[in-house]
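I have placed the structure first, in the form of structure tokens, so that the comments after it can refer back to it.
The values are calculated or read from the model by the stated rules, or taken from the named source; none is laboratory data. On a predicted model such as this, the values are computed, not experimentally measured, just so you know. Cβ atoms come from the backbone with ideal geometry, glycine included; neighbour counts cover every protein chain shown.
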Amino acid sequence: MYTLTNPATGELIEEITNATDDEVRAAIERVHRGYSSWRRRPVSQRAKIVSRAAELFAERADELAAIMTLEMGKRINEGRGEIGIVVDIFNYYADNGPALLADEPLSIKGGEAVITKGPIGALLGVMPWNFPVYQVARFVAPNLVLGNTILLKHASICPRSALAIEQILRDAGVPEDAYANIFASSRQVPWMLADERIRGVSLTGSEQAGISVAAEAGRNLKKAVLELGGSDPLIVLDSDDMDETVRLTATSRMRNCGQSCNAPKRMIVLADIYDDFVDGLAKRVADYYLPGDPADPATKLGPLASASAADEVAGQVETAIQQGATLRAGGRRIEGPGAYLEATVLTDVTPDMAAYAEEIFGPVFLVFRAEDEDDAIRIANDSPFGLGASVWGTDRERARRVAEQIEAGMVYLNSAGGSQADLPFGGIKRSGMGRELGPAGIEEFMNKKSIRL
Ligand code: NAP
């Protein structure tokens, strides 16, 4: 079932039966057949359609934001912000795609060659609920410009986002055999990957889903891009305005109610400013992040995406406290039908506790004290994940030096949890493999063909 439940109220709004195996097979056949004509269109024509899609996303921003608020509790203004970057992504690949796909001449020993940049076929996308439109955009915009076709399985709590995206692409001129939404279940994904007509898969989601999809892709010799979880470190070296540092770091962690893969989840603060930081953060969290209706633009703390998500995060907090962590703010699952959890600050988390190494996908801050710069780098790298990281301080060269020693796919200085269309995004270690966005994002499912002239 694809089930739409409003996480702010617990109200069940809509249920959609999963596609049957025959329907899934028919959808695979559709995008497989569509590939032969879509790839033959001139890249300028595909780019024009993708550019039109950007316009339609912008026009329908309010509608899409309202859907996300209803489906997964995103605060309405954050939903509008999400569509802003979606528009940027479609525009980026529409504008830059043709140049990124230009032939690359190569002088080689004894002659000349050219590298052509073409598509590989029909792809499967498996997408999460946390950024229902943005995650799809990162995969779909470059691949449509490149000439691949797409079958998209969205998260089972986001059926309306899935349909709204499909409608926009259709209205922009993407043929129905070049992009198709399918209400498949995750149990159907393995045999979809075994189907010869699917040439690659992109999954954004949890580590567990990544393990399963990577195994199946490997078994079937398919290319896989995996954008998985993270527990990003945020290192504070020093500050000339602690209130502002606290405000900005809290804002980055609390974006999307803490449910961002690249949110800073572990705050690592040098010993001489640690107490000021923790006191300021605990106060900020308790005073500012008060629960409310996510449809109200004034609300600061919306619900998590589902009651089960809120229960899971509350359970992680409870376990951390039982194992010896100190609760400095919040910590309570807010009673009522909605999926609300207080914004929470925990300190004194040690390596023997579950919270030290796992991803906490909700409004929870873990704050660590580091003795010095080297200790901060050690703690930052002592994680199974390697998605993003950030380094904060007044000395840019020092911050950059620290950034270079962090094991992560992306490091930001004096900001955290961001993403932009022209900057590659992705992780190392258990955060996945491959890159989306920027020039790298169009290369993952590309056939870089060498032609020796
Ligand atoms: P999820 O439970 O793994 O679901 C993601 C997608 O995978 C959904 O469409 C889901 O389908 C499907 N799925 C689940 N298990 C599967 C399996 N065994 N085989 C095939 N497909 C499967 O993840 P989520 O809870 O929606 O998203 C949160 C996670 O995504 C977090 O860990 C977050 O850090 C990560 N994330 C990473 C990035 C990044 O760029 N690195 C970005 C955003 C989110 P159903 O909905 O039908 O179960």
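Number of residues in region 386-441 that are more than 25 Å from TYR274 (Cα to Cα) and hydrophobic (A, V, I, L, M, F, W, C): the value is 7. The listed residues are GLN208, GLN188, and the only one of them that is under 28 Å from ILE157 (Cβ atoms) and surrounded by 18 or more Cβ atoms within 10 Å (Cβ to Cβ) turns out to be GLN188. Whenever a residue of region 404-423 is charged (D, E, K, R), its partners that are assigned to a loop (DSSP other than H, G, I, E, B) and buried (at least 17 other Cβ atoms within 10 Å of the Cβ), lying with C-beta atoms within less than 7 angstrom and at least six residues away or across chains, give the pairs ASP422/GLY438.
The residue list LEU228, LEU248, LEU234 contains one member that is touching a Gly at 6+ places or on another chain (Cβ under 8 Å), at pLDDT 95 or above and within 30 Å of ASN77 (Cβ to Cβ), which is LEU228. Being surrounded by fewer than 22 Cβ atoms within 10 Å (Cβ to Cβ) and over 30 Å from VAL43 (Cα atoms) holds for only one residue in GLY110, GLY81, and it is GLY110. The strands (runs of 3 or more DSSP E) falling completely within region 182-287 that include 2 or more residues that are in contact with a Phe, Trp or Tyr (Cβ under 6 Å, 6 or more places away or on another chain) and more than 13 Å from the ligand (Cβ to nearest atom) map to 264-270. Of all residues in region 192-202, those satisfying the criterion of being surrounded by fewer than 20 Cβ atoms within 10 Å (Cβ to Cβ) and in contact (Cβ under 8 Å) with a residue 24 or more places away in the chain are ALA194, ASP195, ARG197. ALA113 - would you say it is in the same structural domain as LEU64 (by TED's automatic domain parsing) and touching a Leu at 6+ places or on another chain (Cβ under 6 Å)? Yes; evaluated as a whole, the condition is true for this residue.
Scanning region 219-231 for residues that are in contact with a helix residue (DSSP H, G or I) (Cβ under 9 Å, 6 or more places away or on another chain) and not aliphatic (A, V, I, L, M) yields ARG219, ASN220, LYS222, LYS223, GLU227, GLY229, SER231.
Based on this model, can you work out whether ARG52 counts as at pLDDT 95 or above, surrounded by 24 or more Cβ atoms within 10 Å (Cβ to Cβ) and out of contact with any Cys (no Cβ under 6 Å at 6 or more places or on another chain)? For ARG52, the condition - at pLDDT 95 or above, surrounded by 24 or more Cβ atoms within 10 Å (Cβ to Cβ) and out of contact with any Cys (no Cβ under 6 Å at 6 or more places or on another chain) - is not met. Quick one: would you say ALA314 is over 26 Å from TRP392 (Cα atoms) and either assigned to a helix (DSSP H, G or I) or in contact with a His (Cβ under 6 Å, 6 or more places away or on another chain) (or both)? Yes. Residues being farther than 28 Å from ASP240 by Cα, in contact with a Cys (Cβ under 9 Å, 6 or more places away or on another chain) and not in a strand (DSSP E or B) are entirely absent from region 363-378.
Restricting region 420-429 to residues that are within 13 Å of the ligand (Cβ to nearest atom) and crowded, with 21+ Cβ neighbours inside 10 Å leaves a set whose member that is farthest from the chain's Cα centre (by Cα) is GLY427.
Taken over region 164-181, residues that are in contact (Cβ under 8 Å) with a residue 24 or more places away in the chain, part of a helix (DSSP H, G or I) and either over 19 Å from VAL225 (Cβ atoms) or outside the structural domain of ALA217 (by TED's automatic domain parsing) (or both) amount to 5.
Examine region 342-361 for a residue that is touching an Asp or Glu at 6+ places or on another chain (Cβ under 9 Å) and part of a strand (DSSP E or B), and state whether such a residue exists. No, region 342-361 has no match at all. Only residues that are in contact with a strand residue (DSSP E or B) (Cβ under 6 Å, 6 or more places away or on another chain) and within 15 Å of the ligand (Cβ to nearest atom) were counted across region 141-155, and they come to 4.
Among the residues here, VAL133 does not qualify as in the same structural domain as ILE442 (by TED's automatic domain parsing), within 21 Å of ARG25 (Cα to Cα) and within 16 Å of the ligand (Cβ to nearest atom).
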